[in-house]
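Written out below as structure tokens is the structure these notes cover.
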Amino acid sequence: MLENIRLAFQGIWGHKLRSILTMLGIIIGIAAIITIVSTIKGTNEQIKENLIGAGNNVVTVQLNQDGYAYDMTWQGLPQGVRTITQETKDALGKIPGVEKVSLYTSRSYANSTYYQNNQFSGEIYGIDQDFLSVYGYQVKQGRGFGADDYQNFRKVLLIDTKVASQVFNDADPIGQSFEIEGEVYTVVGVVTQQDTFVPTINTLNDYYMYMDTSAGSIFMPITSWPSAFLFDEPQSVAMKTVNTDVMATAGQAAADLLTEKQIMDPDSSFDYRSQDMLEQAQQLQRMSQSTNTQLIWIASISLLVGGIGVMNIMLVSVTERTSEIGLKKAIGAKKRRIRLQFLTEAAVLTSLGGIIGVLTGVGMAELISSMMDIPVSISIPAILIAVVFSMLIGVVFGLLPAVKAANLNPIEALRRD
């Protein structure tokens with residue numbers, strides 16, 4: 001085999017221009033595929049990170065009615081839905097892939113919340129003691145909620161940095177008060193999210209998709225929630241998972257568990273559903289890939305053309321080396337050896353084209369990324385597959401010339417000049 005490879009390189013070097021022109025179709029095809037695959041992977045990773053957030057493996061499970069999220073801001077207390085018990089929360093924590101579980105209540109629009117007669121238009125949450133750690137919040141100023149705040153139903157609040165900036169103009173908010181549904185709550189701390197993720201905005205569509213128009217968030221102990229909103233209500237669930245890959249399965253398992261335990265009427269229009277950002281990312285990725293897959297097929301035509309070129313040049317090579325083949329067969333070379341020699345030469349030729357194509361594709365991907373600000377991610381499996389595939393092209397399209405060479409009659413071959 002090593003001798004065949006040496007002869008193959010000797011033949012390629014002896015006809016350098018012809019070999020380069022023969023490899024050109026393979027180079028163009030492989031380079032185009034590597035460039036497209038790298039762009040697809042980079043774009044998909046950006047979509048995934050923009051929707052999920054870097055390192056934010058949190059999936060939420062919320063009450064739905066007839067397939068739509070149930071918003072108690074406008075729709076009131078749902079009938080026939082239980083509140084989530086500690087026992088159920090513990091069961092959620094045992095779902096494979098779940099690290100921590102938090103229960104919370106919320107209003108998407110705090111229309112009865114005021115600071116000094118100015119209405120607050122952000123979001124308000126009633127949170128348990130696990131909420132801040134699930135979402136990666138840390139106390140920036142003041143203090144967080146302690147066990148006494150929950151046990152004694154204290155009317156205290158945490159605010160995020162956006163509220164601190166917009167409402168208090170970066171003045172000290174600690175000790176200031178909000179009026180919520182006629183009840184007075186005191187701010188005891190300011191929280192901020194660790195490693196806040198900023199989505200990559202490349203287009204106007206990206207801006208509209210990811211822009212944040214919220215006025216910020218206010219948090220109160222979940223045990224104080226009924227004091228303001230007059231009743232206990234079904235909570236939502238936030239679960240931190242070990243990684244993004246298990247978000248979908250963990251979210252679905254939690255939704256099924258909650259629907260079974262919390263909905264009193266099995267024929268109810270209510271159910272629980274997971275708000276899985278990973279699934280949204282995958283939907284956008286599939287839309288992106290459907291177009292790019294067509295581009296890959298178009299690029300593959302270059303490989304077909306390159307394969308035909310390899311077959312053509314190998315047939316020419318057989319004709320040129322007829323006397324050499326006849327001499328080898330006359331001194332005892334078997335058909336298998338002659339066939340293997342020409343197959344090796346074709347495979348080496350296309351493999352070189354594949355390697356050059358990969359390097360060209362990587363360079364083109366990086367160039368496109370720097371010129372057009374498009375994210376790319378080089379796929380090592382795609383590179384390996386491309387090189388192996390180019391070698392297979394050489395074997396497939398070199399088979400006919402190799403068989404022709406092996407079947408030459410040695411006597412007729414020696415008669416040719």
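The values are calculated or read from the model by the stated rules, or taken from the named source; none is laboratory data. Predicted, not measured: the structure shown is a model, and the values here were computed from it. Because the Cβ atoms are built from the backbone with ideal geometry, glycine has one as well, and the counts that use them run over all protein chains shown. Heads up: the accessible areas ignore ligands, DNA and RNA and are worked out on the full protein's heavy atoms, side chains in. Shrake-Rupley method; radii C 1.70, N 1.55, O 1.52, S 1.80 Å.
In terms of solvent-accessible area of protein heavy atoms at a 1.4 angstrom probe, what is the ranking of ARG18, ARG336, ARG82, highest value first? Present the calculation step by step, with values, prior to reporting the outcome.
Numbers: ARG18 65, ARG336 160, ARG82 110 Å².
In descending accessible area the options line up as ARG336, ARG82, ARG18.
Largest first, how would TYR150, TYR114 line up by accessible area (1.4 Å probe)?
Working: TYR150 25, TYR114 85 Å².
In descending accessible area the options line up as TYR114, TYR150.
Which entries in LYS89/LYS261; LYS100/LYS261; LYS41/LYS94; LYS94/LYS261; LYS94/LYS240; LYS155/LYS261 show an alpha-carbon gap greater than 23 Å?
Values: LYS89/LYS261 11 Å; LYS100/LYS261 20 Å; LYS41/LYS94 33 Å; LYS94/LYS261 15 Å; LYS94/LYS240 12 Å; LYS155/LYS261 31 Å.
Where the Cα-Cα span goes over 23 Å, the pairs concerned are LYS41/LYS94; LYS155/LYS261.
Go ahead and run the numbers for FRET between VAL388 and GLN65, Cβ-Cβ distance against an R0 of 60 Å, rounding to 0.05.
On the way: r = 53 Å, r/R0 = 0.88.
Once the sixth-power term is evaluated, E becomes 0.70.
Compute the signed sum of charges (Lys and Arg +1, Asp and Glu -1) over the other residues within less than 11 Å, Cβ to Cβ, of VAL188.
Details: positive: ARG143, ARG154, LYS155; negative: ASP149.
My count for the surroundings of VAL188 gives +2.
Points 7 angstrom from Cα along the Cβ direction at PHE231 and LEU304: gap in nanometres?
Roughly 6.6 nm, to one decimal.
In the range 94-131, which trypsin sites (Lys or Arg not before Pro) fall in coil by DSSP and have 10 or fewer other Cβ atoms within 10 Å?
Working: sites: LYS94, LYS100, ARG107; in loops: LYS94.
Sparse-neighbourhood loop trypsin sites (Lys or Arg not before Pro): LYS94.
Order the following by accessible area, largest value first: VAL395, VAL305. Probe radius 1.4 Å; ligands, DNA and RNA are ignored.
On the way: VAL395 60, VAL305 90 Å².
Largest accessible area first, the list is VAL305, VAL395.
Determine the share of the range 81-127's accessible area contributed by carbon and sulfur atoms, expressed in whole percent, with a 1.4 angstrom probe. The partial results should precede the final answer.
On the way: 920 of 2330 Å².
Its accessible area is 39 percent carbon and sulfur atoms.
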